[in-house]
Amino acid sequence: SSAASDVYKRQESTLMHYIRIVRLIIFCLLLPLAVQAKREKVDMPDKPMVSDSILQCIFQFSPFYSRIIDEYKADLYIKGKVKVHKRNHLIRYVPSMFRFEKHINDYLMESLSELHYTAPDIYDRKIKAVSTTFPRNRGQITDVMDYLNMNIYSSSLMSDKLLSPLDKKSSRYYHYLLDSIAGPPDCQRYKILIIPKFRGTQLVSGYMWVSDQIWTIRELYIEGVYDVIRFKVRVKMGEEGDVEFLPVQFDLNLVFKFIGNHLEMDMGAWLKYNEIKFYEGAARRKSQKKHRHDLTESYKLTCDSEQLITDKEKFNELRPIPLSALEDSLYRSYALRQDTLLRVPKKKKNEHLEFWGELGDMLISSYNVNLSSMGSVHCSPLINPVLLDYSHSRGFSYKQKFKYSRLFHDGRILRISPQIGYNFTHKELYVKADADWQYWPEKQASFEVSVGNGNRIYSSVVLDQLKQLPDSTFNFDQLELDYFKDVYLNLFHNIEIVNGLFIKAGVSVHWRYLINNSKVILEKPLPDKDWAALRGIRSEYNSFAPRIRIEWTPGMYYYMNGRRKMNVGSSMPTFMLDYERGIKGVFKSTGAHERWEFDIQQNLKLSGIRSIGYRIGGGMFTKQEDMYFVDFANFARRNLPEGWNDDIGGTFQLLDGRWYNSSRQYWRGNFTYESPFILLKPLNRWLGLVQQERLYGGILFMPHLNPYIELGYGIGTHIFDVGAFVSTINGQFDTFGFKFTFELFNK
């Protein structure tokens, strides 16, 4: 009893030591953000608080007004001026950023679009015409539609990034001050100041003009910071008639600052409504009863392939608001520069310098190659911190993806996606290539090929050794594990039988080769075959396994883009069943087995920009003959990791990779809870740039792990995501570690 007490005290002391370490590391990581946030004090003007009766009226009517408009169609005109205050070569790291001309600091851009809104959250936009003084038509500082696709009465703003001050639940994070009252006694308007109680990227400051009697918003002004953008948005609502509940004008000021770069955009947007439909519950339910999951009518502008107008003369005929003298001068200066480029011959460049310049662009810039007859190729920068991550159990890893796609006129599409990864800790190079040919776009029917090298794996011979070890003495490091390299080829056919129900069938082939790295020390190295004979195994094992996977997501919403069916998500979980049967003797297959796996997972969006994700699953190997390899499809160490919202949740971060192949069966569960304010709310005065906080949990049952439990806490900022985890095995403390990923411009 005394010995057990001493062990418990040592474990408790170790755990407290790790907790102190995580506090110190998180503080060091957030210190630069804290310094910046501390400089921005929340000032409280000397104004009276708004009465509870006024606030209750606003909170009571806002949910009703958020759904009062069922659908509308409008013409959208956007005009923006971009001022370059300061820039350097690091601007190339920013994906989709404008390309600037040398020594030119002022630019103008305009666009005309059709906008189609369908309640509650579908904004369908088709750009009809574009005019700009940028060298290329493509590019942006940020997606301005995040600021324009705004239902000001909803509980969240800017594509679920901000907590709305008009939402009753979010009102506990704001102060409301009465600035002034205007208008006659029978139709007064209140100007209410909005002050956040603490700094946070999810909160805004500003003001709103509110009409009494019906409590509608006449004007809303908000400002804040999200990612590296400081934004100011003024929304002017329609004055009377059907447009009273809709915005008619936006004024935006966006300031972009990133490592010595300083850009500013002033933009205006005007909407002219052509059709407005108000919500009528019974009529809407009747119209959606037959095909309520088909959203094609809401996305028909996206599906339209009308030619984009880029000619400036034609744009002059379409422009609804005349240019100012300054704006006109920017166009004239641009035309003069273009004329000069045509007249003056280009200077011959040093070929050597030109080569290294192009190579430098490839290393630090995202690039796209679009050829109308050959398809498109996309690659992110080869030197990019976003591609680097760290975890306690895997160490540092780097990954890179290339994407090729070609869309044919009849809706068929060819996609090829090679991937490479390197693990610096284990010094392993991973290569993977996926390709699919979607030949029947209405049914998303496709042929798929996947080839690559998987994780190093040991055979089922080890499982018999593991059975003999009691939990108290189990230690992987004391076992002699004969590892095999794995090269695989998967050939599948995938088809959507009915909406949301996919059946994938095909074969999975593996070639596995022995790696001579057992702990047994020999005086003289042996060839692989002699080593295998000494161990009583073969040096090569092949497997050939037909496989079928059934995946069903009830209530899947979709729209038709021509012949192509595009799934857009569901509010129901996804159910999956995966079966594989290894056949001995086919293509020199050396063994037989059966593998069964099931999986249920879902990511639920909650109110107030919160979400919960969960995953439940299990699997087993049965009917084994000869030696085989425990290689599950849904429970595996991903050498090219993919997670949920943040590349961290939905898996086990601290679990030793050797556990994944140590049992014929497993039962697992994972969850992630994401919210802007969990533990750091009292510290948001100093740590206001934390965008999300996350709680992680995972439990795993298998022999020698009864259970394995992993708990974690993480934060997400505009620069990185980090999670701290602690794990226990059979009720005893196991280890503590971190997972770190760069997220800059990656969300």
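The values are calculated or read from the model by the stated rules, or taken from the named source; none is laboratory data. Bear in mind the structure is a predicted one, so any value in this text is a computation, not a measurement. Cβ coordinates were reconstructed from backbone atoms using ideal geometry, including for glycine residues, and neighbour counts include every protein chain displayed. Note: areas computed on protein heavy atoms with side chains; ligands, DNA, RNA excluded. Shrake-Rupley method; radii C 1.70, N 1.55, O 1.52, S 1.80 Å.
When 111, 607 are compared by accessible area at a 1.4 angstrom probe, the order from most to least is 607, 111. Between residue 667 and residue 257, take the C-beta separation as r, use R0 = 45 Å, and let me know the FRET efficiency to the nearest 0.05. E(calc), rounded to 0.05, equals 0.40.
How long is the gain from residue 293 to residue 587 if the chain were fully straight, where each residue apart is worth 0.36 nm and the alpha carbon distance is subtracted?
On the way: separation 294, 0.36 × 294 = 105.84 nm, distance 4.48 nm.
Full extension from residue 293 to residue 587 adds 101.4 nm.
Over segment 554-620, with a single point scatterer placed on each C-alpha, what log10 of the ratio I(q)/I(0) does the Debye formula yield at q = 0.15 1/Å? So the normalised log intensities are -0.74.
Note on residue 318 and residue 67: the model spin-label points, each 7 Å out from Cα along the C-beta direction, lie 3.7 nm apart.
Here residue 335 and residue 503 are evaluated by their C-beta separation; at R0 = 35 Å the FRET efficiency comes out at 0.05.
Rounded, prolate or oblate for segment 153-208? Axes are the square roots of the Cα gyration tensor eigenvalues, ordered a ≥ b ≥ c, and the cut-off for rounded is a/c under 1.5. Don't skip to the answer; put the middle values down first.
Working: a/c = 2.80, a/b = 1.91, b/c = 1.46.
It is prolate, given that a/c is not under 1.5 and a/b is the larger ratio.
What is the extension gain from residue 277 to residue 607, computed as 0.36 nm multiplied by their sequence separation minus the C-alpha to C-alpha distance, in nm to one decimal? Could you put the intermediate results ahead of the total?
Working: separation 330, 0.36 × 330 = 118.80 nm, distance 2.57 nm.
Gain on stretching residue 277 to residue 607: 116.2 nm.
The distance between label points at residue 579 and residue 401 comes to 3.2 nm (points 7 Å beyond Cα on the Cα→Cβ vector).
Please arrange 596, 215 by accessible surface area, largest first, computed with a 1.4 Å probe and ligands excluded.
Numbers: 596 105, 215 35 Å².
Result of the area sort, largest leading: 596, 215.
The listed residues 708, 334, once ranked by accessible area (1.4 Å probe) with the largest placed first, stand as 334, 708. For segment 137-190, the relative contact order is 17 percent, taking Cα pairs closer than 8 Å that sit 6 or more residues apart in sequence and dividing their mean separation by the residue count. With contacts taken as Cα pairs under 8 Å and at least 6 residues apart, segment 585-627 reaches a relative contact order of 48 percent.
Determine the alpha carbon to alpha carbon distance for each of 86/401; 197/257; 73/128 and list only those over 22 Å.
Details: 86/401 32 Å; 197/257 25 Å; 73/128 14 Å.
Result: 86/401; 197/257 exceed 22 Å.
Per-residue surface analysis assigns residue 437 an accessible area of about 70 Å², computed on protein heavy atoms at 1.4 Å probe radius. The heavy atoms of residue 616 present about 90 square angstrom of accessible area, all protein chains included, probe 1.4 Å. Spin-label model, residue 143 to residue 230: label points 7 Å out along the Cα-to-beta-carbon direction sit 2.5 nm apart.
Want the number for residue 46 to residue 626: 0.36 nm per residue separation, take away the alpha-carbon distance, what's left?
On the way: separation 580, 0.36 × 580 = 208.80 nm, distance 8.16 nm.
Full-extension gain reported as 200.6 nm.
Leaving out ligands, DNA and RNA, and with a 1.4 Å probe, what % of the accessible surface on segment 146-209 is carbon or sulfur? Taking all protein chains in place, segment 146-209 shows 48 percent carbon and sulfur surface. Accessible surface for residue 658 stands near 50 Å², nearest 10, in the context of the full protein assembly shown (1.4 Å probe).
Pairs 403/443; 236/312; 232/739: which are spaced more than 26 Å apart, C-alpha to C-alpha?
Numbers: 403/443 23 Å; 236/312 29 Å; 232/739 34 Å.
In this structure, 236/312; 232/739 lie more than 26 Å apart at Cα.
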